[in-house]
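Worksheet: one structure, shown below.
No lab work stands behind these numbers, since they all come straight from the coordinates. The structure displayed is predicted, hence computed values, not measured ones. Please note: Cβ atoms are built from the backbone with ideal geometry, for glycine as well, and neighbour counts cover all protein chains shown.
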Amino acid sequence: MRPETKDQLRSIVGEANFSDQLIDLVSYSSDASEHAHRPQAAVWADSAEEIQAIVGLANAEGFPVTVRGAGTGLSGLSVPAQGGLVLDLGRMDKILDISIGDRVAVVQPGVVYASLEKALAPHGYVFPPDPASGKACTLGGNVGTNAGGVKGAKYGTTRDYVLGLSVVLGDGRLMKTGNRAMKSVSGFDLTRLFVGSEGALGIVTEIILKISPKPLATATTLAIFDDLEDAGRAVSGVMASGVIPSVLEILGRETLKAINQNTELNLPEVDAMLLAETDGYTQGEADYQMERVVEQFSAHNAREVKRAESASQAAELWKARKSCYAVLARLRPNFTLEDITVPMSQVAPMLRGVQDIAARHQVQIATFGHAGDGNLHPQFLYDGADQDERGRVEAAAGDLFQLAVDLGGTLTGEHGIGLSKAAYMTLEHDPVAMDLMRSIKKVCDPNNILNPGKMALDV
Amino acid sequence: MADQHPLLEKFRDQIQRCSRCGFCQAHCPVFGGTRRPALNARGKMLLLKEVLEGRLELGEELVESLFQCTTCGSCAVNCPSGVDVPAIIKAARKEMVGLGTCHPAFSGMDQVLNEHDNIYAEDEPEDFDRERGGQAEVVFFLGCVGQYREEEASEAALDLLDHLEVDYTLIDEVCCSGVLEDVGYALKPRLASANIERILATGAKTLVTGCPYCYRTFSQQDAYAPLREAGLAIMHLSQFLAGRDLGLHSGLKVTYHDPCDLGRHCGIYEEPRRTISAVAPDFVELADNRQEALCCGAGGGVRGAYAKNSLAMARRRLAQVEQSGAQILLTECNSCVHNLSNAKLRAQKFKVMTTPQFLMELIEDSE
């Protein structure tokens, strides 16, 4: 980047909001994935106008712009793979409007998920997707990745709540999509096009979110299964039972073993553990649904079913699931957390397949995830310094993606393609779909300024 | 590489263990005050990882990040990967000082303690008209901030001890020098010996201090082991007061700020609350409390080196006080009182004081 270009950036955002200091370039080189690449400069933007000016300059000078929220992504979405500029939106963090009457919250992209949660709580409302990184991640990042979370089965993902956006396109034009109305079939659904677009089509500067009242009561149950197929059938049984649990999580054998090795929880080392939560506005409502879930667990040979009688007992049952990330993160020097998703009926075959892949490539994979929406998190545990092991992990990941697609699923349920899965895009998307995606990219970002190198778009 | 950074090398496993999840951004007070990822715990770990991989020099360019950490420890207690960031930062700073790189405010602290006996280079010790170096059951140790910057808080602590008819004495104290361990240098044996000798000479059975950092130093640092070996009970004033029936009552709405050195670093959360809530039943917690408490921004040498950001951190904590609706913010650390008072806006109507100050006001009102 030329010194004159840096001066122009300084004049757009102000001296204090520009940096090419080494410490900033290093910290902006990575996210929560294994990928890293240093940018040449970084700016903190404050308004759509500033962002338009920055994108205009990028087009004129030909430098890439990679937008960033909290950098908690797991696929390298905010890694500036081709250098250039990192555009940090973390300081555009105002909640512009909360209208309970309209069921709408309007926010800037840098608002942290937990901040909105706090602001909605006094009204008894929530923005439901509940990503695991909620205390740190930004809503702009949620939109960019179409983030989901533990409650996806019942409440869906970010996409289901975005009513409208303000977006600076890759050519610098500012566009508004959608509106504040609950229903709209007016024109193409441009809002949805931009949700999950990974910062490759435009930069979101304002978000209109649908919000929902928070259920007041929950019921929680834990069940253990000696046989994975039984657990899989139980999940399908729950889906057929007429109720949708707010949470239906699964922990596989490797995960249970790992938790036992590193905690005092003393879990049974069985094929699968299922954790279910139902919710409602009265305890009776939550309990009724839980009874249907428990019937299915029992009907499919659960060895043990533990139902929480109090909030503290529920917290006990949650302990194993909540410890997954921390326990697995500490087992080996490195890990990658995948998020393949399959139809719910294929959860058991997928888990069995993961075990086979691990054995075939001699790698360690611990799996847990959201059985209720088929979104599983096989976590590869390895030593990145060991080239041979690294190679085996990569090969195993390829097999994992192939299997997910073969079972009617997808490479990614909630983390995004980014850099991690760019090479696998054509496994899932046919040539026509790839061609259309690349054409859309070209229309929105003709000079390939925005987040180049991601999603296999710039081939 | 191992020979190049021996102190940092000890933490290689920890530094690599940082999974870059970024969850520390929710807790790091420096990030919260600046929104600059390079100053967050993850940003610091990324720098050190590159240093250990030989891709980055541990030099001047890293000072602004690595020396801008209050060592409050909130990242460490919340880290899913169990990375002890404050311990790593301390090692990195020592390594850098060894290589001749340091923030001038930090090297200044070491220099001052080479030439003087307190961190402010003051010549006239404040003795609060109390006996020094007498024979007593208890030694009360003021600490540098208490002696030279927050005299009113120290006066109140001493008045309270008088009111409770505690048999205590002050000593000709010198800086405990524990803070040097945090800022890239080492505790001064000369100063530690002087304190140990003077404390033991009083024949006291208990050493009480109003300063959480001095408490931490006396109870955890090897240099002060002779105090512990002599069987001396070492207490923070809040522990000494806990459980006493003070016969006081306040109708005011009161809240409490956990000092990092007393809370996260020493595990003392309940003793101050017991004293305060017995006197002021209308006690409310701040949004982030105990292990999750937000740092006041003063620690780790940051107040001296990065005053503007230190105040920004204090303002975030004060905003939580405002939200709580409390009329009084109490804390047990002179340094926290100092920074929070300096940062308080005129529009913020609550008062900031130490628990002993609050108690002494009630005692004076009732007399």
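Brief remarks follow.
- Cα-derived Rg over Rh, computed across chain B with Rh taken as Kirkwood radius: 0.97
- Measuring between alpha carbons in the structure, the pairs from A:LYS94/B:LYS308; A:LYS6/B:LYS44; A:LYS94/B:LYS90 lying more than 29 angstrom apart are A:LYS94/B:LYS90.
- Mean separation of Cα contacts under 8 Å (6+ apart) over length of chain A, as relative contact order %: 16 percent
- Whole-number percent relative contact order across chain B, with pairs defined as alpha carbons under 8 Å at least 6 apart: 17 percent
- Put simply, the Cα atoms of chain A extend 69, 58, 43 Å along their principal axes, the longest span coming first.
- Relative contact order of region A:31-124, defined on C-alpha pairs under 8 angstrom at six or more residues apart (%): 31 percent
- Estimated distance in nm for a label pair at B:ALA287 and B:ALA201, the labels positioned 7 Å out from Cα along Cα-to-Cβ: 5.1 nm
- With R₀ set to 41 Å, the beta-carbon distance separating B:LYS308 from A:ASP189 gives a calculated FRET efficiency near 0.35.
- Applying the criteria of a DSSP loop state and at most 11 other Cβ atoms within 10 Å to the chymotrypsin sites (Phe, Trp or Tyr not before Pro) of region A:145-200 yields A:PHE188.
- q = 0.13, 0.14, 0.20, 0.21 Å⁻¹, region B:138-241: log10 I(q)/I(0) [Debye, one scatterer per Cα]: -0.42, -0.49, -1.02, -1.12
- Karplus-derived 3J(HN,Hα) values for region B:111-127, using 6.51 cos²θ - 1.76 cosθ + 1.60 with θ = phi - 60°, are 4, 4, 7, 6, 9, 10, 9, 9, 5, 9, 6, 7, 8, 9, x, 7, 10 Hz; glycine and proline are entered as x.
- Basic side chains Lys and Arg get +1 at the Cβ, acidic Asp and Glu get -1 at the Cβ, and with that the dipole of chain A about its Cα centre reaches some 680 debye.
- Value of D in µm² per second that Stokes-Einstein yields for region A:196-239, Kirkwood Rh from Cα pairs, at 4 °C (1.567 mPa s): 83 µm²/s
- Only Cα sites of region A:95-213 enter the Debye sum here, all with the same form factor; the resulting log10 I(q)/I(0) across q = 0.10, 0.14, 0.16 1/Å is -0.26, -0.52, -0.69, listed in q order.
- The local environment of A:GLU229, defined by Cβ-Cβ distances under 11 Å, has a net charge of -2 under the rule Lys, Arg +1 and Asp, Glu -1.
- Here the ratio of the Cα radius of gyration of region B:6-102 to 2.2 N^0.38 Å is 0.97.
- DSSP loop GluC sites (Glu not before Pro) with at most 16 other Cβ within 10 Å: longest gap in chain A: A:1-263
- Relative to the longest principal axis of the Cα atoms of chain A, the long axis of helix A:48-61 lies at roughly 70 degrees.
- Averaged over B:30-38, number of beta-carbon atoms from partner chains that fall within 10 Å: 5
- Sparse packing (at most 13 other Cβ atoms within 10 Å of the Cβ) combined with a DSSP loop state is found for the following trypsin sites (Lys or Arg not before Pro) in region A:134-210: A:ARG173, A:LYS183.
- Sparse packing (at most 14 other Cβ atoms within 10 Å of the Cβ) combined with a DSSP loop state is found for the following chymotrypsin sites (Phe, Trp or Tyr not before Pro) in region B:119-168: B:TYR120.
- In units of the rule-of-thumb radius 2.2 N^0.38 Å, the protein assembly as shown shows an alpha carbon radius of gyration of 1.02.
- Given charges at beta-carbon only (K, R positive; D, E negative), |dipole| of region B:138-241 in Debye: 460 debye
- Ellipsoid fit via the Cα gyration tensor, region B:254-366: semi-axes of 22, 16, 13 Å, each the root of five times an eigenvalue, largest first.
- Cα-derived Rg to Rh of region A:332-445, Kirkwood definition: 1.01
- Loop exposure criterion: trypsin sites (Lys or Arg not before Pro), DSSP state outside H, G, I, E and B, at most 10 other Cβ atoms within 10 Å. Applied to chain B, the longest stretch between such sites is B:56-345.
- Cβ-Cβ FRET estimate between A:MET1 and B:GLU61, R0 fixed at 22 Å, reported to 0.05: 0.75
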